[in-house]
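Single-structure report; data block below.
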Amino acid sequence: MSGAALQALLPVIVLAAATVAVLLLAAFHGGHRVVAGATVAGIVLAFAALVPARLAAPQAATPLMMVDGFAVLFGGLILLAALAVAVLSFAWLERREGRAAEFHILLLLAVTGGVVLAASRHFLSFVLGLELLSVALLALIAWPRLEAPALEAGLKYLVMAGASSATLLFGLALLYAATGSMSFAGLALDGSGAAADRAFLIAGIALVLVAAGFKLSLVPFHMWAPDVYQGAPAPVAALIGTVSKGAVLALLLRFLDGADAFALGAPAWILTAMAVLSMLAGNLLALRQDNVKRLLAYSSIAHFGYVLVPVLVGGAFAVEAVAVYLAGYFVTLIGAFAVVGLLPAEGEPGEAAAFADYRGLFWRRPWIAGVFTAMLLSLAGIPLTLGFIAKVYVFAAGVELASWILLAALVVGSMIGLVYYLRLIVTMYAAPDEAAAPGMAPAPLPASGIGLLAALSAALVVLGIYPGPLIALVRALGTLAS
Amino acid sequence: MILVALLLLLLLGGAGAWAAERAGPDWPGRVALAVLAAAAALVLALWIGADAAALPGRGGWIAEARAPWIAPLGISFHLAMDGLSLVMVALTVGLGIAAVLASRIDIHRRTGFFHFTVLWTLAGAVGVFLAMDLFLFFVFWEAMLVPMYFVIAVWGHERRVPAAIKFVVYTQGSGLLLLAATLALAAAHHDRTGIASFAYADLLATDLSPAAGLWIMLGFFAAFAVKLPVVPLHTWLPDAHTEAPTGGSVILAGILLKTGGYGLVRFVWPLFPDAAAAFAPVAMALGVAGILYGAVLAFAQTDVKRLVAYTSVAHLGFVLLGVFAGTAKALQGAVFQMVAHGLSTGALFIVAGLLQARLGTRDMGRMGGLWPAMPRLGALTLFFAVAALGLPGLGNFVGEFLVLWGTLERSIPFAAVAAMGLVTAVLYALALVQRTFHGEAPHGDAPAGPPPRDAGPGATVALAVMALAVAWLGLFPQTVLDAAAPALEALLQAADGTVTAAAGGPGR
């Protein structure tokens with residue numbers, strides 16, 4: 001392997017080394033703060049290593065990975081999300097007893113898998129990255145191993161991950177049978193393929209899309225999401241919603257581009273159907289939730305339905321739109337889960353997940369309620385938040401496709417979405433129960449949690465009002481090298 | 001820069017009003033009044049300076065501020081004021097003062113956050129009236145919903161939460177159509193010229209195929225029609241207006257509905273002259289339907305706020321009719337009607353709020369015979385009711401008359417049917433006075449006790465000032481017409497030579 005290839009792979013190398021380092025550190029010096037600090041430092045170093053990787057890009061590193069502007073862009077997004085999740089995990093774990101070192105090691109492993117996926121251009125790295133991510137997530141979901149909901153969530157995720165991996169492998173096998181290639185770029189038909197090869201190709205791509213549909217919790221492969229989001233610790237739910245889904249989406253973009261999938265017709269129809277179903281069903285099912293984590297799970301289903309619209313456009317616009325969308329969604333979702341995870345529930349230990357915990361929150365804790373309101377408004381795509389810019393891109397994509405069904409689903413889905421976001425918001429601004437616990441000062445949040453919420457809110461509003469630099473950065477970076 | 005200052009004044013003033021709650025629950029209202037007084041002074045200065053500065057025709061603005069905003073997408077922060085914007089902004093600030101004064105009736109808790117939301121709603125509306133970049137317009141259009149939602153959902157009456165959510169879902173859902181249409185228009189412009197731009201002046205010249213023009217125009221129309229409201233899309237309005245607190249109802253009826261009418265005047269005609277002309281018969285029919293249907297429903301209400309809310313449907317039917325008649329007279333009438341309706345209906349909502357505060361009910365079945373106890377309020381109510389029914393000499397008459405006259409030049413049947421709205425307006429306006437202040441007090445369940453207090457000095461002064469304004473509009477309509485006329489002429493010229501030719505020049 002050349003020096004340039006090593007330079008390009010530096011972020012992955014740093015992450016892997018950090019995982020080992022934290023593992024050793026945990027073995028000899030198990031203190032929570034030290035381990036968490038080392039984890040954060042590892043992620044920051046990996047992020048810094050994106051600079052030399054960018055200088056080397058576009059650079060093929062082994063046949064498995066291509067470190068181009070695209071990989072740097074999505075790797076950077078994933079690492080920033082991971083950083084926020086790591087800080088959130090630290091604040092969340094401070095409240096809980098027991099060993100916490102493993103949590104951080106698993107977190108680093110999952111992030112490594114995500115960064116590998118963003119640069120992956122070959123079946124092998126595809127499967128490797130995905131399994132690294134899934135196995136680590138599985139352990140993280142079931143981390144509160146004495147709590148039944150977490151175990152249930154872990155089991156469900158295990159079954160889902162197994163099913164989707166099997167589907168994926170079958171699909172990849174079909175693709176190999178059709179083209180004799182295991183790299184994405186080798187999948188594009190040159191027009192001379194026999195009809196049977198073409199059928200294999202379409203079937204293979206369809207199965208890969210199904211596997212991706214599982215990971216992105218798109219309808220009709222979404223059943224696991226609400227239970228897993230509800231049972232998993234809040235930081236892990238945030239990790240699933242951002243790092244895991246973001247990495248799979250980035251991979252999907254590269255895969256569809258390499259395979260020139262939309263030229264085949266059928267894949268576009270499959271994605272369109274999944275997008276429309278996710279937007280409508282995700283939002284409709286969210287209407288009936290009274291658990292905030294389940295609500296966010298259904299909202300996540302709908303949001304990944306939205307983001308499929310720019311994916312369908314393809315080309316440079318898809319990369320730009322998806323990157324901006326994910327940036328907005330990452331900030332918003334981690335912010336929302338930070339509030340859920342750090343706000344103590346009324347009168348009992350654990351997370352504040354029930355609507356009742358939020359009743360009158362604004363009059364008790366105006367800042368936290370204000371932050372949560374901003375996050376929910378961003379999810380709803382209201383202007384002056386980053387979520388609005390993301391939504392503009394999705395609508396622009398729908399207009400570009402001139403697809404009435406997608407535009408109609410976008411409008412109807414957003415309208416339904418507004419109802420449940422507003423229902424949660426109005427709960428926070430309802431008059432508090434005067435009888436319950438008068439005069440009791442609410443427990444303060446940990447300083448790290450306050451810092452995280454402040455940083456995320458600032459990013460949400462500043463980039464929401466002035467997104468020019470973000471868009472320019474995405475445009476400068478986001479190019480796919482073949 | 002004075003426009004940016006106006007916006008910042010309202011935004012920062014809102015934050016200041018919130019902070020002022022520490023000094024006591026009365027202070028946010030005082031701060032809000034001071035802020036709005038300063039804003040009114042700014043607007044007055046603009047109005048006085050306008051005559052010399054306002055150039056008729058395109059390109060001339062009373063005031064302007066422009067800065068690059070989201071450069072990669074060709075979006076700029078461009079505020080500009082012509083005569084039309086000036087009239088609408090003046091209405092916004094004036095009714096803002098009335099709304100803050102009216103809030104003394106029923107806002108006694110959490111006054112800081114309330115006045116914050118009120119001022120931010122006003123800032124959003126001012127932004128809507130000033131934005132000359134379509135993306136910026138959309139941002140203000142959507143952003144003003146959020147504080148208004150809080151006004152209804154936190155301080156409203158019994159069924160406030162469903163009403164508030166319905167309000168936002170209707171307006172935001174139609175707003176998404178506006179967003180899609182805006183993006184499609186910008187994309188079409190980009191395809192033609194290769195330049196990414198959302199600037200109003202750039203997009204005016206976009207050459208669209210008839211089919212694309214019609215669909216994009218319908219996207220704009222849908223958003224404005226929900227806000228105005230146009231009849232099949234009006235069902236959010238009675239709920240939101242009835243459940244909102246008094247100040248909120250004043251802002252909703254007086255200002256937010258006008259953003260829809262403003263959008264029709266500013267964007268639909270000039271951007272899509274052909275599509276709008278093709279669509280005009282449908283829109284005019286909807287306007288006439290709104291005039292009659294709103295009046296019939298208003299007459300049938302027993303809730304005093306609902307009655308006033310449905311009168312808005314009827315009055316704004318005239319606005320829709322006037323805009324799509326497309327003649328200079330009708331367009332001026334539509335703008336005039338918006339101003340007059342804002343004042344008279346805002347005042348009637350204050351009356352309704354006072355009645356509810358004094359009697360504890362909005363049910364007119366439990367009112368009646370209130371005149372002896374509340375003579376001042378009764379007299380003022382009678383005044384605004386006859387203004388609403390279009391008595392000559394008062395503001396609403398001028399607007400409706402101009403709309404009908406302008407429509408007559410375009411279509412005699414529409415004008416004839418719409419004229420019946422003047423008759424139906426008499427029914428509901430007089431029914432309002434009859435059922436509340438005249439007649440017998442209800443028997444039976446009326447609790448024995450002191451008669452309800454009359455309107456206090458603050459409310460009386462506010463209502464009296466609004467009454468004077470309505471009378472001024474009726475007696476000296478040129479004040480508003482002269483201010484708006486050059487802008488409206490320019491808009492009609494932008495629309496097409498054919499439209500102005502048919503209208504035979506501006507009518508006074």
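Site pair B:Ala71 and A:Asn291 shows an inter-label distance of 4.9 nm when each label is modelled 7 Å from Cα along Cα→Cβ.
Each part gets one Cα centre, and for the stretch A:217-280 versus the stretch B:371-439 those centres are 58 Å apart. Residue-normalised convex hull volume from the C-alpha trace of chain A: 128 Å³ per residue.
Summarising the label geometry, the points placed 7 Å from Cα in the beta-carbon direction at A:Ala447 and B:Glu158 lie 5.3 nm from one another. Once the C-beta distance of B:Phe476 and B:Ala40 is scaled by a Förster radius of 22 Å, the resulting FRET efficiency is 0.70 to the nearest 0.05. Amide H contacts for B:Leu228 (H built 1.01 Å from N in the peptide plane; partners 5 or more residues away or on another chain; cut-off under 5 Å): none found. Dividing the helix sum by the residues of chain B, where each DSSP H run of 4 or more adds -39500 (n - 2.57), gives a mean residue ellipticity at 222 nm of -24500 deg cm²/dmol.
Taking only Cα atoms, what is the 0 to 90° angle, nearest 10, from helix B:375-388's long axis to the longest principal axis of chain B? On a 0 to 90 degree scale, this one is about 30. Near the amide H of B:Ile75, within less than 5 Å, lie the amide hydrogens of B:Trp69, B:Ile70, all on another chain or at least 5 residues away, with H placed in the peptide plane. Taking a temperature of 25 °C and a viscosity of 0.890 mPa s, what whole-number D in µm²/s does Stokes-Einstein yield for the stretch B:71-124 with Rh from Kirkwood over alpha carbon pairs? Value of D from the Cα-based Kirkwood radius: 183 µm²/s.
The Rg/Rh ratio for the stretch B:136-250, using Cα coordinates for both the radius of gyration and the Kirkwood hydrodynamic radius, is 1.09.
Take the alpha-carbon centre of the stretch B:274-336, take the same for the stretch B:112-186, and report the distance between them in whole Å. Each part's Cα centre sits 22 Å from the other's. Set the Förster radius R0 to 30 Å, insert the Cβ-Cβ distance between A:Met223 and A:Glu97 as r into 1/(1 + (r/R0)^6), and round the FRET efficiency to 0.05. Approximately 0.35, to the nearest 0.05.
Ordered by solvent-accessible area of protein heavy atoms (1.4 Å probe), largest first, the residues B:Glu409, B:Glu440 come out as B:Glu440, B:Glu409.
The string of couplings for the stretch B:353-367 from the Karplus curve (6.51, -1.76, 1.60, θ = phi - 60°) is x, 5, 4, 5, 5, 7, 9, x, 8, 10, 7, 6, x, 9, 10 Hz, one whole number per residue in order, with x for Gly and Pro. Calculation over all alpha carbon pairs of the stretch A:174-259 in 10 angstrom steps from 0 returns a P(r) of 17, 39, 25, 15, 5, 0 percent.
With R₀ set to 60 Å, the beta-carbon distance separating B:Ala416 from B:Val461 gives a calculated FRET efficiency near 0.90.
Partners of A:Lys293 within straight-line reach, counting lysines whose Cα lies under 26 Å from its Cα and excluding those fewer than 8 residues away in the same chain: A:Lys156, A:Lys215, A:Lys245, A:Lys391, B:Lys166. Between A:Ala195 and B:Asp26, the modelled label-to-label distance comes to 8.9 nm, taking each label 7 Å out from Cα in the direction of the beta carbon. Counting Cβ atoms of other protein chains within 10 Å of each Cβ in B:172-185 and taking the mean gives 6. Listed values for the stretch A:77-87 are Karplus-derived 3J(HN,Hα) couplings in whole Hz (6.51 cos²θ - 1.76 cosθ + 1.60, θ = phi - 60°), namely 4, 5, 5, 5, 4, 5, 4, 4, 5, 5, 5, and x replaces Gly and Pro. Binning all Cα-Cα separations of chain B at 10 Å, short to long from zero, yields these whole-percent fractions: 4, 21, 32, 27, 12, 3, 1, 0. Calculated on the Cα set of the stretch B:1-271, radius of gyration then Dmax: 18.7, 60 Å. Local charge for A:Gly162 was computed over the other residues whose Cβ lies under 12 Å away, with Lys and Arg +1 and Asp and Glu -1, and equals 0. Quick one: angle between helix B:412-436 and the longest Cα principal axis of chain B, in degrees between 0 and 90, rounded to 10, please. Value to nearest ten degrees: 20.
Beyond 55 Å, how much of the Cα-Cα pair distribution for the protein assembly as shown remains, as a whole percent? When every Cα pair of the protein assembly as shown is considered, 20 percent fall beyond 55 Å. Rounded to the nearest whole Hz, the Karplus-based 3J(HN,Hα) values (6.51 cos²θ - 1.76 cosθ + 1.60, θ = phi - 60°) of the stretch B:480-488 follow the sequence 7, 4, 5, 5, 8, 4, x, 5, 5, with x at glycine and proline. Database remark: amide H of A:Val219 closer than 5 angstrom to the amide H of A:Ser278 (H placed geometrically; neighbours at sequence offset of 5 or more, or on other chains; Pro and chain starts carry no H). Length gained on full extension, A:Val461 to A:Leu284, computed as 0.36 nm times the residue gap minus the Cα-Cα distance: 60.9 nm. Per residue, chain A reaches -25000 deg cm²/dmol at 222 nm when only DSSP H runs of four or more residues are counted, each adding -39500 (n - 2.57).
The values are calculated or read from the model by the stated rules, or taken from the named source; none is laboratory data. None of the values given here were measured: they were computed from a predicted structure. Please note: Cβ atoms are built from the backbone with ideal geometry, for glycine as well, and neighbour counts cover all protein chains shown. The accessibility values were calculated without ligands, DNA or RNA, using every heavy atom of the protein model including side chains. Shrake-Rupley method; radii C 1.70, N 1.55, O 1.52, S 1.80 Å.
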